[in-house]
Amino acid sequence: MSSMLLILEKINSKDKDFRYMATSDLLNELQKETFRADGDMERRLGDAILVQLEDQSGDISGMAVKCVGHLVRKVSQARAEVVIKTLCERAITALPKGKNEQQRDMAMISLKTVVGEISGGNLAVSASNMIANKMLEGLTKEASNVISDSLDILAEVTQKFGNLLVAEHARIKATLVPLLDDARAPIRKRAMHCLAAMSVYMNDGLLDEVVSHLLQRLKEGQRTIKPDVLRSYVAAVGHVSRSVGYRFGKYLVEATALVVSYCEAAKEKEGDDELREHCLQAMEGFVLCCPTDARSHMSALIDAGLKFIKFDPNFADEDMDEDGAEEGGEEDEEQEEEE
């Protein structure tokens, strides 16, 4: 206990070297299997680490992140929940323009560490639900960076603890689906990954709602969807199919027809190689994850693959290059004659 008191004393020092050594010593103590602390010491350690996360020294704040991961596993559930709640609040709080973003950045990194360190038990249940709910709150903010980071954390927690968030699945789905139409590409991409991570744990009813929405939007096509958003929807179909595997089989008839048609359409649009790539990746996912159901669609998938296996976007403007080369050659010859 005396060693912990000495560490806490040094952690508050104005000397950066003392703070660094104290944080390092605290990390060593927390890594010991024999580490024990009473309620008051747990509170003081939690408060100290939360302060260290805001230290101006990157070495100290980085080490404090490691301390957080060990602390939540070694202290009581109640104390761990207090620390996690504080991190969540920091993570979803948008700071005024010009303010240092370190506090929010370190909170996000710490939450990812916490999710990685928690293995199960009652803490996993309470922590996953707390983090998920706070990140859903973060998605209601206006700041793009808060929304993007909230989606990152939500994807982490749903991927690992999706089975513990059954009560929140419908709310998470209802929040994520509209973000697939967001004008900001990074947010669409993160929402897609988050939705794919959670789809693994969805019941058949919710999964049907998600896939039906994705396919319906693809049916609407460019009449109502901008090209960049359309690409995101094609990519989302591919990601969800890879996540849920054989459960996607019953949607293959409709999904294959839509994706192949968009792949064909992309051939006739200049500069839409990205859409074609998303289509091919989606088709690959269909074959890998639903091999049995994909057999009846194999002809269309193979035809599309063979058609574009020889396509190289670097030579898409070959004819134009040849014309340019001929013109350039004539100019060179004229210049040589003049010389």
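Yes/no per residue for (1) among the small types (Gly, Ala, Ser); (2) under 24 Å from GLY305 (Cβ atoms):
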residue	(1), (2)
LEU165	no, no
GLU168	no, no
ALA191	yes, no
TYR201	no, no
GLU209	no, no
SER212	yes, no
ALA235	yes, yes
SER243	yes, yes
ALA257	yes, yes
Seminar exercise, completed: Flagged pairs (Cβ under 6 angstrom, 6 or more apart or on separate chains; first in the range 4-33, over 20 Å from HIS70 (Cα atoms) and among the polar types (S, T, N, Q); second open to solvent by less than 90 Å² (accessible area, probe 1.4 Å) and modelled with pLDDT of 90 or more) are SER13/ARG19
Seminar exercise, completed: How many residues of the range 136-154 are among the small types (Gly, Ala, Ser) and under 11 Å from CYS88 (Cβ atoms)? The answer is 2
Exercise. Can you name the residue in the range 74-112 that is in contact with a Ser or Thr (Cβ under 8 Å, 6 or more places away or on another chain), modelled with pLDDT of 90 or more and not small (Gly, Ala, Ser) and is also nearest to GLU137 (Cα to Cα) among such residues?
Worked result: ILE92
Problem set entry | Only listed residue being open to solvent by less than 90 Å² (accessible area, probe 1.4 Å) and either more than 17 Å from ILE109 (Cα to Cα) or over 28 Å from the mean Cα position of the chain (by Cα) (or both), chosen from SER3, SER57 | SER3
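Quick one: which residue in ALA255, ALA266 is touching a Lys or Arg at 6+ places or on another chain (Cβ under 6 Å), of a type in the set (Gly, Ala, Ser) and in a helix (DSSP H, G or I)? Working first, answer last.
Values: ALA255 fails: touching a Lys or Arg at 6+ places or on another chain (Cβ under 6 Å).
On inspection, the qualifying residue turns out to be ALA266.
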Seminar exercise, completed: Across the range 161-180, the tally of residues that are closer than 21 Å to ILE118 by Cα, of a type outside the set (Gly, Ala, Ser) and open to solvent by 30 Å² or more (accessible area, probe 1.4 Å) stands at 4
Exercise. Quick one: what pairs do we get from the range 128-144, first residue within 16 Å of ASP182 (Cα to Cα) and open to solvent by 40 Å² or more (accessible area, probe 1.4 Å), second modelled with pLDDT under 95 and of a type in the set (Gly, Ala, Ser), C-beta under 6 Å, 6+ apart or different chains?
Worked result: LYS141/ALA94
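For the range 81-117, enumerate the residues that are within 24 Å of ALA170 (Cβ to Cβ) and either open to solvent by 50 Å² or more (accessible area, probe 1.4 Å) or not in a helix (DSSP H, G or I) (or both).
LYS85, ILE92
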Seminar exercise, completed: All-but-one check, LYS307 against (1) at pLDDT 85 or above; (2) open to solvent by 40 Å² or more (accessible area, probe 1.4 Å), failing number (1)
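Could we say that LEU206 is more than 15 Å from LEU258 (Cβ to Cβ), surrounded by fewer than 22 Cβ atoms within 10 Å (Cβ to Cβ) and touching a His at 6+ places or on another chain (Cβ under 7 Å) here? Spell out how you get there, then give the answer.
On the way: more than 15 Å from LEU258 (Cβ to Cβ): yes; surrounded by fewer than 22 Cβ atoms within 10 Å (Cβ to Cβ): yes; touching a His at 6+ places or on another chain (Cβ under 7 Å): yes.
Answer is yes for this residue.
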For this session: Please find, among ALA282, ALA236, ALA266, the residue that is touching a helix residue (DSSP H, G or I) at 6+ places or on another chain (Cβ under 6 Å), crowded, with 21+ Cβ neighbours inside 10 Å and closer than 24 Å to ALA170 by Cα.
Result: ALA236
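Being surrounded by fewer than 19 Cβ atoms within 10 Å (Cβ to Cβ) and either modelled with pLDDT under 85 or of a type outside the set (Lys, Arg) (or both) is the filter here, so list the residues in the range 288-304 that pass it. Walk me through how you get there before you give the answer.
At the first step, the residues of the range 288-304 found to be surrounded by fewer than 19 Cβ atoms within 10 Å (Cβ to Cβ) are 288, 291-293, 295-296, 298-300, 302-303.
Of everything in the range 288-304, those that are surrounded by fewer than 19 Cβ atoms within 10 Å (Cβ to Cβ) and either modelled with pLDDT under 85 or of a type outside the set (Lys, Arg) (or both) turn out to be LEU288, PRO291, THR292, ASP293, SER296, MET298, SER299, ALA300, ILE302, ASP303.
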For this session: Just give me the residues in the range 163-193 being within 13 Å of the chain's Cα centre (by Cα) and within 11 Å of LEU136 (Cβ to Cβ), in sequence order.
Result: LEU176
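The values are calculated or read from the model by the stated rules, or taken from the named source; none is laboratory data. On a predicted model such as this, the values are computed, not experimentally measured, just so you know. Cβ sites come from the backbone with ideal geometry, for glycine too, and all protein chains shown count toward neighbours. Areas reflect the complete protein model, heavy atoms only, side chains present, ligands, DNA and RNA absent. Shrake-Rupley method; radii C 1.70, N 1.55, O 1.52, S 1.80 Å.
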